[in-house]
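The values are calculated or read from the model by the stated rules, or taken from the named source; none is laboratory data. None of the values given here were measured: they were computed from a predicted structure. Reconstructed Cβ throughout: ideal geometry from the backbone, glycine too, with neighbour counts over all protein chains shown. Remember, those area values only see protein heavy atoms, side chains included, never the ligands or the DNA or RNA. Shrake-Rupley method; radii C 1.70, N 1.55, O 1.52, S 1.80 Å.
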Amino acid sequence: MTTPEQGMPDMEEIIRQAAEVQAQIQRAQEEILATVVEGTAGGGLVTITMTGGAEIQDLAIKPEAVDPNDVETLQDLILAAYRDAHNRAAEIAQAKIAPFTENTGLGGGLQ
């Protein structure tokens, strides 16, 4: 990456490598957004299916989770299922992006 006569970095090579990494990151981000994850709560009473971009695609609630006298529990189960799905999406995103950030000093992941 350095030119022998100047002892300086080859700027064209640096720019080419940066563009290549940027394209790889963009592809990884597109894969993350297209990834579908599922989160569950209450032993499968509530299931949320969402994309890596946090777009909810489906919400399934088993009948036994519905108690008209205990709406709070159902609300808690829905939130827990969403958090589970969101955490799974974050893990996938971190795994796909980490290889690009590990050696750059940018940190190892997304929070």
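Being hydroxyl-bearing (Ser, Thr, Tyr), within 30 Å of residue 26 (Cβ to Cβ) and part of a helix (DSSP H, G or I) is the filter; apply it to segment 56-111 and report the residue that is modelled with the lowest pLDDT.
Residue satisfying both the conditions and the ranking: 101.
All but one of (1) modelled with pLDDT of 95 or more; (2) at negative phi hold for residue 28; state the number of the condition that does not hold.
Only one criterion in (1) modelled with pLDDT of 95 or more; (2) at negative phi is unmet by residue 28, namely (1).
Within segment 2-22, track down each residue that is part of a strand (DSSP E or B) and either at pLDDT 90 or above or of a type in the set (A, V, I, L, M) (or both).
8
State the number of residues belonging to segment 23-55 that are part of a helix (DSSP H, G or I), open to solvent by less than 80 Å² (accessible area, probe 1.4 Å) and farther than 15 Å from residue 100 by Cα.
Residues flagged as part of a helix (DSSP H, G or I), open to solvent by less than 80 Å² (accessible area, probe 1.4 Å) and farther than 15 Å from residue 100 by Cα within segment 23-55 amount to 1.
Going by the structure shown, is residue 27 within 17 Å of the chain's Cα centre (by Cα) and touching a residue at least 24 places away in the same chain (Cβ under 8 Å)?
no
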